[in-house]
1. Give me the pairs: first residue in the range 278-304 and farther than 27 Å from Asp260 by Cα, second residue open to solvent by 30 Å² or more (accessible area, probe 1.4 Å) and among the β-branched types (Val, Ile, Thr), beta-carbon distance under 8 Å, and six or more apart or on different chains, which are they?
2. For the range 183-204, does any single residue satisfy the condition of being in a strand (DSSP E or B), more than 30 Å from Arg143 (Cα to Cα) and open to solvent by 30 Å² or more (accessible area, probe 1.4 Å)?
3. When only residues in the range 293-316 that are charged (D, E, K, R) and surrounded by 14 or more Cβ atoms within 10 Å (Cβ to Cβ) count, which is farthest from the chain's Cα centre (by Cα)?
4. Which residue is modelled with the lowest pLDDT, if the candidates are limited to the range 243-292 and must be part of a loop (DSSP other than H, G, I, E, B) and surrounded by 15 or more Cβ atoms within 10 Å (Cβ to Cβ)?
5. Given (1) open to solvent by less than 70 Å² (accessible area, probe 1.4 Å); (2) free of Cβ contacts under 8 Å to residues at least 12 places away in the same chain, where does Glu209 come up short, assuming only one miss?
6. Here is a list: Arg106, Arg8, Arg50. Which entry is within 15 Å of the chain's Cα centre (by Cα) and at pLDDT 50 or above?
7. In the list Asp226, Asp188, which residue meets the criterion of being in contact (Cβ under 8 Å) with a residue 12 or more places away in the chain and in contact with a strand residue (DSSP E or B) (Cβ under 7 Å, 6 or more places away or on another chain)?
8. Scan Val180, Val147 and give me the residue that is within 15 Å of Ser80 (Cα to Cα), modelled with pLDDT of 95 or more and β-branched (Val, Ile, Thr).
Amino acid sequence: MSSRELLRPLPLALIFVFAAVAFVDFVHTLREEPAPWPDVLADRTLRFERWEPVLDLRARAGPDFVELLPAAAFDAAHWSAPLQGGRWVMDDSAGFELGLARGGHRTMVVECRGPSGADRAIRVEVEVNGARRGAFEVGSEWRRHLVRLPGDAVRAGRNQISLRLPDRLPAGRSQRGVLVRRLGLFFDAETAADAVQRRSPVTVDLEAERVSIRESGTLTADFAVDERIDALKLSYHFSADLGRAELTVARPEGGGPGRDAVMRRPLSASEGREGGVRFPLHGRRGEFRFAAEVELGPHPGSFDLSSVRLVSEGGPTRAEARQRSRREE
């Protein structure tokens, strides 16, 4: 048999080899799953800025799953360290600084008590940004006090809030005055005193891949893309007929024109209580910030996000699949 006759079946064999490789790549692509949900909404990377903040001054056992903002900056010289019951006002005046997304009329709720066995009530005056805005008296039992703040008291941005004890003499320094457990700022003038006992505004169910937002505010999550990704996809659900949300994906440092421009998706419960959203990423790499600005109605409700995933809709290229396979080996 001549060498030509021996080589004649070779092209056919090569076809089968290439077909087999293509089939393996195709099966590998099918088996590849999109990036898991925690890559976008991962443990301890979520932040939620409450438009109606509730500060819990008690000591915490450990870090929460979601970082709640705004965070208050306490004047350590005039407050005790966080205890199981809260923080003590240790001087005749103790303040903290709080950055708020929105200003305007607020109702302040202060949950506090005086020292056990105190023989008289302690007068507490509330000062906001240097102006006296209200007062109440504190006994030795836990109680929630409401202070109505006028529209010009709280402003968008940084605010200085102080609790003053005018009847205490300077000599009383370092002695316990008032123990504060919770403090809240609410828009509604008819806010009930128990508003500071609200459940956490955001809950995360990893097993169900769901984030539930129960208060008006802004949820943000940073994520990074280091391989070809086509889109960020998610599902949403309003639990009531009222409420709106705006979802955005953008570069953390801001975006310019073209593909780096901010992508926005306005949603309204009145136009549809549930659905899906797709943000095209066009294979871009680098850092991104996902945000959900949620405004719920006056009645209890929630806005839920689920199946938040980074997806490669066309699957990886053959070269990318091979490189990934080599890395895994």
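The values are calculated or read from the model by the stated rules, or taken from the named source; none is laboratory data. Treat the numbers as computed from the prediction; the structure is a model and nothing was measured. Neighbour counts are summed over all protein chains in view; Cβ atoms, including those assigned to glycine, are modelled from backbone coordinates with ideal geometry. These accessible areas exclude ligands, DNA and RNA; they are computed on the full protein's heavy atoms, side chains included. Shrake-Rupley method; radii C 1.70, N 1.55, O 1.52, S 1.80 Å.
1. none
2. yes
3. Arg309
4. Gly255
5. The one condition Glu209 does not meet is (2).
6. Among Arg106, Arg8, Arg50, only Arg50 is within 15 Å of the chain's Cα centre (by Cα) and at pLDDT 50 or above.
7. Being in contact (Cβ under 8 Å) with a residue 12 or more places away in the chain and in contact with a strand residue (DSSP E or B) (Cβ under 7 Å, 6 or more places away or on another chain) holds for just one of Asp226, Asp188, which is Asp188.
8. Among Val180, Val147, only Val180 is within 15 Å of Ser80 (Cα to Cα), modelled with pLDDT of 95 or more and β-branched (Val, Ile, Thr).
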